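Below is one structure, written out as structure tokens, with a few remarks after it.
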Amino acid sequence: MTVGDWLGSHAVRFVVETPTAGPPGRPLPGLRPVPAPDLECALALAEAEGTMGSGLAALWDGEVLTLLSRRVDAGEPVTARSPAQLAAAFERARAAGAGALAVRLDFDLDSGPEPAGAELADPSLAPRLVGQRWRPGTSQSNGGAADPGTRLVDLVLAGRGVVRAGAVPALRDFAARTGLGVLNVFTAKGVFRWDSPHHLGTGCLQERDLALAGGAPDAVLVTVGLDADECPPAVFAAAGVDPARVLSLEPADLPAAAEVMRARRAVGEGGERPALYRDLAAVAGPLYAATDAPLNPAAAATDIATVLGERGSVWTEPGPAGLWIGRTFSTVHLGSVRVPATGREGLAIAGAILAGLTGEGVGVAVVDRPPRTGIPPALLDWATSLGISVVVEVWGERGVPRSSAEHRERLSAALAAPGVNVLELPIDYSAQAALTAAAGPVVAWGGRVAAEPVGARPSGALAE
């Protein structure tokens with residue numbers, strides 16, 4: 001087994017080859033190569049795969065292999081002189097919570113024994129840092145259950161590690177067997193359909209998400225696949241969650257945990273959704289129905305979901321547009337919308353390129369600014385050279401105000417056209433004050449999203 005084969009077994013789908021200043025570097029056998037035109041494009045594509053793709057990202061310059069699960073500086077590369085040393089460096093980085101690992105491969109890449117170490121059920125480099133680690137077969141407090149072998153739980157918080165581990169079916173089975181509801185982090189939209197009884201909503205975008213979903217000082221909370229930067233401490237603090245009552249699962253633990261965990265109150269008992277679902281619906285419901293120009297972000301997100309259907313995927317980056325896509329885009333299948341925990345400008349476009357490279361249909365990048373400066377135009381030039389179709393929607397102040405009907409018509413035409421298509425859509429963000437009132441300030445991405453983004457201000461009901 002080559003190093004490339006080993007990486008493939010750890011959910012690495014391809015390797016991004018960075019340009020080298022000297023002679024061409026050694027190829028990395030066993031993985032599909034994707035040569036990048038420059039280092040910035042290479043980093044953007046790898047970051048999109050690591051933060052929004054289905055596995056780890058791999059960068060290769062012919063000497064140094066860099067693995068990423070999120071945007072973190074890999075630091076100076078360590079040297080591995082055998083496959084076993086590569087595997088050992090990988091596991092050390094994961095145990096330390098590193099989001100990136102750079103390794104100089106100083107051995108024959110075409111031969112040698114399989115790297116030592118057990119296969120990892122979850123290939124993420126990031127650890128689960130919230131709560132005490134639950135291990136199958138260990139004796140723990142049962143939270144008041146009559147059966148000492150049963151652990152009563154109130155809700156589950158699921159992160160992107162579940163997706164990277166290929167454990168979404170296991171999570172759904174866990175929820176069905178235990179009767180538990182699941183609050184997915186915004187990075188893991190689609191682990192349940194929006195209308196599933198087990199879907200408690202999308203969390204960790206705003207400060208009070210967890211509290212409104214059922215988190216409380218006396219609640220027992222299970223986290224699974226949760227990366228360190230997906231859910232800031234402010235979310236747990238706002239809910240008053242007791243760290244001693246938080247159990248952290250590895251995705252591989254889900255089948256064993258389903259044997260001993262049960263919902264304190266199964267979903268559906270009591271007949272209503274949690275407050276998060278109801279309070280956000282009270283904000284978003286009228287917005288979905290307001291389809292006149294200029295559009296509000298919830299209506300624009302619905303337009304994209306309706307037009308796109310099963311044909312492609314939506315990719316975002318930190319910012320007001322990403323917030324509203326994460327909050328109001330109704331998911332019907334896993335992968336239809338991708339929202340990263342962190343990232344630079346250009347990440348959404350890189351994700352749309354990624355969709356084309358991996359055969360996932362046309363990628364729609366929803367961004368806040370026109371792609372005229374920095375890395376975005378270089379990425380679009382790259383997409384053109386690769387023959388990949390990409391649609392970019394700019395949710396800002398410029399462009400002709402469109403109704404939902406006009407927006408859908410233009411988007412349908414763009415999706416049907418080959419190549420790169422950029423649509424500028426003026427968006428009214430005035431409803432963000434109501435969103436903040438419902439669930440608290442935005443805490444995702446370090447709270448970089450303003451309470452009231454600049455955007456089009458229409459007359460009429462939305463301006464009241």
Requested in this report: List the number of the failed condition for G447; all other conditions in (1) on the phi > 0 side of the Ramachandran plot; (2) at pLDDT 95 or above; (3) of a type outside the set (D, E, K, R) hold.
Outcome: (2)
**Report entry** Cross-chain or 6+ apart pairs with Cβ under 8 Å, the stretch 270-298 first and farther than 14 Å from L212 by Cα, then of a type in the set (D, E) and surrounded by fewer than 19 Cβ atoms within 10 Å (Cβ to Cβ)
**Finding:** A293/E406
Query raised in the report: Can you name every residue in the stretch 403-428 that is surrounded by fewer than 23 Cβ atoms within 10 Å (Cβ to Cβ) and over 19 Å from G356 (Cβ atoms)?
Result: S403, S404, A405, E406, R408, E409, R410, E424, P426
Query - One residue from L180, L226 being crowded, with 22+ Cβ neighbours inside 10 Å and either modelled with pLDDT under 95 or in a helix (DSSP H, G or I) (or both) - result: L226
**Report entry** V235 being of a type outside the set (D, E) and not in a helix (DSSP H, G or I)
**Finding:** no
Query raised in the report: Picking from V12, V16, which residue would you name as being assigned to a strand (DSSP E or B), among the hydrophobic types (A, V, I, L, M, F, W, C) and not assigned by TED's automatic domain parsing to the domain that holds T316?
Result: V16
Query raised in the report: Across the stretch 391-444, what is the total count of residues that are part of a loop (DSSP other than H, G, I, E, B), of a type in the set (D, E) and at pLDDT 95 or above?
Result: 1
Requested in this report: Could you list all residues from the stretch 145-154 that are buried (at least 20 other Cβ atoms within 10 Å of the Cβ) and at pLDDT below 95?
Outcome: R151
**Report entry** Selection count, the stretch 252-266, where residues are under 21 Å from G215 (Cβ atoms), outside any strand (DSSP E or B) and in contact with a strand residue (DSSP E or B) (Cβ under 7 Å, 6 or more places away or on another chain)
**Finding:** 3
Query - Total residues in the stretch 277-290, condition at pLDDT below 95 and either of a type in the set (S, T, Y) or touching an Asp or Glu at 6+ places or on another chain (Cβ under 6 Å) (or both) - result: 1
Query raised in the report: Looking at the stretch 305-322, which of the residues that are over 12 Å from the mean Cα position of the chain (by Cα) and either hydroxyl-bearing (S, T, Y) or crowded, with 24+ Cβ neighbours inside 10 Å (or both) is nearest to H407 (Cα to Cα)?
Result: T306
Report task. Go through the stretch 86-143 residue by residue and tally those that are in contact with a Lys or Arg (Cβ under 7 Å, 6 or more places away or on another chain) and modelled with pLDDT of 75 or more. Result -> 5
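The values are calculated or read from the model by the stated rules, or taken from the named source; none is laboratory data. What you are looking at is a predicted structure, and each value in this text was computed from that prediction instead of being measured. Cβ: placed from backbone, ideal geometry, glycine included. Neighbour counts: every protein chain shown.
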